[in-house]
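Inspection log for the structure reproduced underneath, given as structure tokens.
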Amino acid sequence: MFPFELQVVSIPVKNSFRGIKFREIALFEGPAGWSEFSPFIEYDNKQSATWLKASLEAATKPAPNPIRNEVMVNATLPNVKPGEVEKLLSNFDGCTVIKIKINDFIMDRELLIESLKHVPNAKFRLDINGGWTLDEAVVNLKNYEGEFAGLIDYVEQPCLDIADLKALKNEIGLKIAIDESIRKFLGSDLTKLKDVADIAVIKWAPSGGISAALNLIEQISLPVVISSALDSSVGISHGVALACVLPNLYGACGLATVALLEADVTTDSLLASKGVISNRRVIPDRINEFKVDQQRHKWWQDRADVIYEGSLI
């Protein structure tokens, strides 16, 4: 049986980010402080085991000594209507790097144009989540390069296929970041990824925790951006702790995403302030406001028990 009693909450999500309207999150406290276990509910036990490993490490072991006390963060825009951009960006105080979920050039160029009205010095990160073929990526990215010359920081996971990424790198002048190419192939030889990408996007929980992430980062040998998975401030605190120990941090991290939630488990949320987030642990003092019913609590406790007892971690 999992050695900790879970406290499970359901937090409303703004703009139906990632296609969900509520984010269910399991929290628990260990000797090193509060931790979060929050794989998305559609993930199977094998996928979720990596997240449980991360949460156990964070609850029982202190993070390594940091080399910085705060990290720069980017704003994150879901694929929304241009009329929603101003309100969403107002939640990311001081952020001048904007990550935008992109489908294509024709549909989504207006999101960049609208963003520049409110953050005139913005740089953009275009996140495709592996949604393009090679041909689509070449056409779309050349269009973005042409219209927004010098304003694209990087494009994140334009294609899933490694051969396509390698070919694309020779076709465009933009930096390529990879996310799914890492976390969907944990345990594989990832040393060749530096031949197809410029930046590695690493997430605390899907990597298996800080220790596992550090090993992964060493193997990949690319500059790193630490990102999040729609975590509460508890989960974000561990992502920030990871970012604060990295010597090869690329730049602003995707750790201001509590702003995508309608609420949080703490009254002292980890949100962007003047473009940064401080490195600190979080106490979730609002759990009772968002507790799920007994049936959902049992579902999460059973999930953790099965993973833990099955030695999947």
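Among rounded, prolate and oblate, which fits the range 70-278 when a ≥ b ≥ c are the square roots of the eigenvalues of its C-alpha gyration tensor, a/c under 1.5 means rounded, and a/b larger than b/c means prolate? Oblate, since a/c reaches 1.5 and b/c is not below a/b. Listed here are the pairs Lys21/Lys99; Lys61/Lys87; Lys53/Lys99; Lys14/Lys298; Lys81/Lys194; Lys46/Lys192; which of them are more than 30 Å apart at the Cα? Listed pairs above 30 Å: Lys61/Lys87; Lys81/Lys194. Couplings 3J(HN,Hα) for the range 236-246, derived from phi with the Karplus relation 6.51 cos²θ - 1.76 cosθ + 1.60 (θ = phi - 60°), are 4, 4, 6, x, 5, 4, 5, 4, 6, 9, 8 Hz, where x marks Gly and Pro.
Tell me, in nm to one decimal, what length is gained between Met1 and His118 on full extension, where the rule is 0.36 nm per residue of separation less the Cα-Cα distance? Don't skip to the answer; put the middle values down first.
Values: separation 117, 0.36 × 117 = 42.12 nm, distance 5.08 nm.
37.0 nm is the gain from fully extending Met1 to His118.
With a simple spin-label model that places each label point 7 Å from the Cα along the Cα-to-Cβ direction, the separation between Lys142 and Ser16 comes to 3.5 nm.
Among the DSSP beta bridges whose two residues both lie in the range 70-278, what percent are antiparallel, rounded to the nearest 5? The answer is about 15 percent antiparallel. Along the range 293-309 the Karplus relation, 6.51 cos²θ - 1.76 cosθ + 1.60 evaluated at θ = phi - 60°, assigns HN-Hα couplings of 6, 4, 5, 5, 4, 4, 4, 6, 5, 5, 4, 5, 4, 4, 5, 5, 5 Hz to successive residues, with x for each Gly and Pro. Highest GNM mean-square fluctuation among Ser227, Ser90, Ser188, for the chain modelled with Cα contacts below 10 Å: Ser188. Our coupling estimate for the range 76-89, obtained by passing each phi through the Karplus curve with A = 6.51, B = -1.76, C = 1.60 and θ = phi - 60°, is 10, 10, x, 7, 10, 7, x, x, 8, 4, 4, 4, 5, 5 Hz, Gly and Pro reported as x. For the pair Glu86 and Ile106, a Förster radius of 30 Å applied to the C-beta separation gives a FRET efficiency near 0.85, rounded to the nearest 0.05. Between Asp161 and Glu262, the modelled label-to-label distance comes to 4.2 nm, taking each label 7 Å out from Cα in the direction of the beta carbon.
How about the range 169-218: which GluC sites (Glu not before Pro) there are in a DSSP loop, with at most 15 other Cβ atoms within 10 Å of their Cβ? If you can, show how the numbers build up before the last one.
Values: sites: Glu171, Glu180, Glu218; in loops: Glu171.
Sites meeting the loop and neighbour criteria: Glu171.
At full extension, Asp44 and Lys194 could sit 51.1 nm farther apart than now, given 0.36 nm per residue minus the alpha carbon distance.
Averaged over residues, the count of other Cβ atoms within 10 Å places the peptides 118-129, 141-152 in the sequence 118-129, 141-152, highest first. Taking a straight Cα-Cα cut-off under 13 Å and skipping sequence neighbours fewer than 8 places away in the same chain, the aspartates and glutamates within cross-link reach of Lys142 are Asp104, Glu171. Dividing the summed -39500 (n - 2.57) terms of all DSSP H runs of n ≥ 4 by the residue count of the chain sets its mean residue ellipticity at 222 nm at -10000 deg cm²/dmol.
Read-outs: derived from the displayed coordinates by stated rules, not from any lab. Note that this is a predicted model, so its numbers are computed, not measured. Don't worry about glycine lacking a Cβ; one is built from the backbone with ideal geometry, like all the others, and counts go over all protein chains shown.
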